[in-house]
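Chemist: Quick one: the structure is below, questions incoming.
The values are calculated or read from the model by the stated rules, or taken from the named source; none is laboratory data. Owing to the predicted nature of the structure, the values given are computational and were not obtained by experimental measurement. Just the protein is used for accessible areas: all its heavy atoms, side chains included, with ligands, DNA and RNA removed. Shrake-Rupley method; radii C 1.70, N 1.55, O 1.52, S 1.80 Å.
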Amino acid sequence: LPDEGVRVYVSCREHIASFTSPDGLTFGAADETMVEGGIDPEVHLLEDGTFRLFHTVRDPENHPKIKPFNPQELVTAVSEDGIHWKTEGIILMADQTPYSIIADPSAMQLEDGSWRIYYGSKNEQDQVEQIVSVRWWPDQP
């Protein structure tokens with residue numbers, strides 16, 4: 001955090017929470033549940049002082065064939081304070097790919113403002129695991 005220590009973002013099985021520490025060594029209770037249903041968080045502090053969150057979502061209602069706890073959607077959200085998030089939308093769904101799982105996103109912003117997002121993937125049928133990527137532009141639906 002720019003002026004108050006360290007904040008870590010953690011998957012807590014059914015949601016994402018954050019924990020803060022003044023020294024990076026001692027953490028208290030969770031700040032609050034930030035994103036219900038979200039897992040695999042990655043947060044970036046942007047040049048304008050806001051935050052961007054990339055995470056995955058497990059959505060058994062819309063994807064009933066996928067086993068529990070397997071994430072199927074790559075999602076982005078933004079925040080003014082790093083705690084209260086507004087979901088922008090789904091970047092990618094597993095059923096748009098040859099994979100049944102999208103997990104553990106890791107993103108980097110490119111010079112043109114777009115993002116290259118790497119994620120783990122797996123095909124349930126042949127158990128092949130891979131790391132693949134997608135390029136995403138924040139101003140495009």
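Chemist: At a probe size of 1.4 Å, how large is the accessible area of THR26, to the nearest 10 Å²?
Modeler: Around 90 Å² of this residue is reachable by solvent.
Chemist: Could you state how much accessible area LEU110 has, in square angstrom rounded to the nearest 10, with a 1.4 Å probe and all protein chains kept in place?
Modeler: LEU110 has an accessible surface of roughly 50 Å² with all protein chains in place.
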